[in-house]
Structures are given as C-alpha cells and as structure tokens.
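Below: the structure, in structure tokens.
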Amino acid sequence: MEQRHLGRTGLRVSRIGLGTLTWGRSAEGPDESGAAEQLKTFWEAGGTLVDTADVYGGGEAEYLLGQLVGGLVPRQDLVIATKSGSVRDPDRRFNGSRGHLLSALDDSLARLGTDYVDLWQVHAFDPGTPLEETLQALDLAVSSGRVRYAGVSGFSGWQLAKAATWQLAAPGVRTRLASTQMEYSLLQRGLEREVLPAALDLGVGLLPSSPLGRGVLTGKYRGGTPADSRGASPTMAGFVDAYLDDAASGIVDAVATAAHGLAVTPLQVALAWIRDRPGVVAPIVGARTSAQLSEALSVEALTLPEEICRALDDVSAPVHRYPDHDWSTL
C-alpha cells in the first residue's frame, strides 16, 4: 500500500487507516478473533495506520488492540494513533486540561501495552480550558517520549488555525500539529469551508473519519435497513439515520451509477474519491468483518477517472454562503 507523509512531518502512514470505533462493542463490532483477523488482513495488505481512542468501547478497543500487537503483528510495523479528551460526564463532554490529558495518555499506554504511541490526538476542543494549556500537554507528551507525533480531532476551522499557529510560533519548543481528524465523505463535505483550507495552509494532514458516510455510501441501505447493519442497531441507528434523507439518496445513486460503469463496487468508488482529495492523508475505515475490510483495501488498485470525480464533486457539492464562499468569483 502506498505510504504518505502525515502533514508536514517525516511520519509516513498507509493511505488507508484501520478504525477501531466498534471494537469492544459486543453488538456492533468484531469479537477478539474478528479483530485479530482484521488486523492481520490490514497488515498483510501493507496497512500501517491503526486509529483508536480511549473512549472506544469504554477503553476496550485500546485493550484489544494491545493484546494483538506484538504477538500477531510486530509493533514496529504499525503506526498506532489514539485520542484523549472525551469524557463520560453529562456536564462536561470534553476535558482538555493538562492534568486529564496526561493521565489519560498513561492509561491508554497501559491498555495498549506499549511505552509510546506514534500519534496522539486531542479528541475535541474544550472551551473550558485555555487552548495553550491543552497544547502544552502535547508538548510534554512528545518531550517525554510517550508520544512521537501530535494532532487534534473535531476542531473547527478557527480552532485548528489557532492551535496550529500557536504551535508553529515556537519552533523547536512546541511540537507542530501533524494531523486533524474529522468526518469527511461525499455525504459530509462541510469541512471544505474552513477546516480544509486551514489544514492545507498550515501543513496539517487530514485523516477523514466515516469516509463511507457511516456506511450509507456502500449502497446497502438503498432497499431498506439490513438486519445485520449498524443502522439496525439500537445504539448506532441514530448515527446512520442522519444520512438516509433524499439529498443523500441522490448522491448514493450517483456513486452506484459510477460503480456500475467502472465495474467496481460503490464502496470502492466512494473510498477512492475521498482518498485522493486534496489534503487527505488516510481515510479511516471501520469494518464489521474481515471481508468488508478486504473490499475496502482493494481500492488500492483503483484511481477514479477525472470525469467521474468531477461528476461526483458536482452532485455532492456543499453550499458555500457568506462569508466562506469564493470571493474571487465576485
């Protein structure tokens, strides 16, 4: 699998990442043997970037990954990325304080069974903590050797620009942001307004989550909700329902038409489109089975024709209104 630099850093990662959001969730995700099969399939295909977080499965995703690394796949062959900052507190969803983040990192390292992670990302912006305090946690983690590279997740355009600029203001003292992780797909292109321009300008690599529109872009919901899908799960149905409206249906139909013309699957078309967008380093793909993951990994051999990309761009184009439209056209 092709390797790409993560932002303006020396770290190289596979251009498809393996997501573990549903690992440790008995109803929606793979069990231990299924996770092992996925990790081995991913590694054998040349994949390196494995994405997790301390809240996935209540910590079980990290623990399960830690049980597999070393014995099944060599630690040095993987780029392990985790996130900290989301908390299970109805009064405070995010905690970006230095104390919480560094404590959460130590807990993540214990669950993962490793003394360092390759990429550590602040899971979300915390308006209750000064941003410089949150970012200092990244600097301390890198300087201590517990983290190799640092990034953020879920930051809006101004938040990302402020954080990345703050880090660049003291080169050699503060660690530059390598990445930002955001939802991005043919069904969700909102970040193209401000987040993506900021990332491109500041050299921050984009790691799209839900690159298949929460599974909707595979086309499996066109005829209803399959009984074994996330859309049929009581805990995940709301996650999928957001993309089952008429606007999404038109985009899914366009993806299916393109797939038919290219003799590939809608999944492959949607994933190839997002993988090759400007600024994108590696879409993060989560799969319920190893077979689903194998289909996603097969996109390595596919590059969409330019006319197909333009057609998909047009049918899914986000509406840009004041003040984030292109002023050069006025």
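All of W158, W166 fail the test of being at pLDDT 95 or above, assigned to a helix (DSSP H, G or I), over 29 Å from F239 (Cβ atoms) and among the aromatic types (F, W, Y), apart from W166. Within segment 254-280, the set of residues being under 19 Å from Y184 (Cα atoms), open to solvent by 60 Å² or more (accessible area, probe 1.4 Å) and without any contact (Cβ under 8 Å) to a residue 60 or more places away in the chain comprises just one member, D276. In segment 124-134, is there at least one residue being open to solvent by less than 70 Å² (accessible area, probe 1.4 Å), at pLDDT 95 or above and under 16 Å from T9 (Cβ atoms)? No, segment 124-134 contains no residue that is open to solvent by less than 70 Å² (accessible area, probe 1.4 Å), at pLDDT 95 or above and under 16 Å from T9 (Cβ atoms). Keeping to segment 20-41, report how many residues are within 16 Å of the chain's Cα centre (by Cα), of a type outside the set (S, T, N, Q) and buried (at least 24 other Cβ atoms within 10 Å of the Cβ). Result for segment 20-41: 1. Would you check which residues across segment 274-288 are not in a loop (DSSP other than H, G, I, E, B) and not charged (D, E, K, R) and list them? I274, V280, I284, V285 - these are the residues of segment 274-288 that are not in a loop (DSSP other than H, G, I, E, B) and not charged (D, E, K, R).
For first residues located in segment 36-63 and more than 22 Å from A296 (Cα to Cα), partners that are part of a helix (DSSP H, G or I) and aromatic (F, W, Y) and lie 6+ apart or on another chain with Cβ distances below 9 Å form the pairs G57/Y63; E62/Y56. Just one of the listed residues (R310, R321) is charged (D, E, K, R) and either crowded, with 17+ Cβ neighbours inside 10 Å or part of a loop (DSSP other than H, G, I, E, B) (or both), namely R321. Per this entry, P90 is counted among residues that are part of a loop (DSSP other than H, G, I, E, B) and open to solvent by 20 Å² or more (accessible area, probe 1.4 Å).
The values are calculated or read from the model by the stated rules, or taken from the named source; none is laboratory data. Small disclaimer: the values here were computed from a predicted structure and weren't measured. Here Cβ is always computed from backbone atoms with ideal geometry, including for glycine, and neighbour counts include all displayed protein chains. Only protein heavy atoms, including side chains, enter the accessible area calculation; ligands, DNA and RNA are left aside. Shrake-Rupley method; radii C 1.70, N 1.55, O 1.52, S 1.80 Å.
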